[in-house]
Amino acid sequence: MVDALKKVNPDFDVRTYGYKKAPEFFKGEFDFIDIKESKDNVYVAELKGNALNKDKLDKLVIDIISKN
């Protein structure tokens, strides 16, 4: 998701929002998604259980950040 955000806004940095890492940013700012992490990967899923593919989730997050 961070890559998608940087395509829209090359200056995007989670530290601007007070976070050190992207997973912390998404956990703190978006209550409708759940971040599942493993040792080597970060996985993202929607909390409500609705099917939401990566492209739709990327667009939703980008739209929210662009408005703020």
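The values are calculated or read from the model by the stated rules, or taken from the named source; none is laboratory data. The shown structure was predicted, so the numbers you read here are calculated from the model rather than taken from an experiment. Heads up, the Cβs are rebuilt from the backbone with ideal geometry, glycines too, and the neighbour counts pull from every protein chain shown.
Odds and ends about this structure:
- Residue list for region 1-38, filter: of a type in the set (Gly, Ala, Ser) and either assigned to a loop (DSSP other than H, G, I, E, B) or exposed (fewer than 15 other Cβ atoms within 10 Å of the Cβ) (or both): 18, 28, 38
- In region 39-53, residue modelled with the highest pLDDT [restricted to those that are surrounded by 10 or more Cβ atoms within 10 Å (Cβ to Cβ) and assigned to a loop (DSSP other than H, G, I, E, B)]: 52
- A single entry from 67, 56 fulfils the requirement of being more than 13 Å from the chain's Cα centre (by Cα), of a type in the set (Lys, Arg) and at pLDDT below 80: 67.
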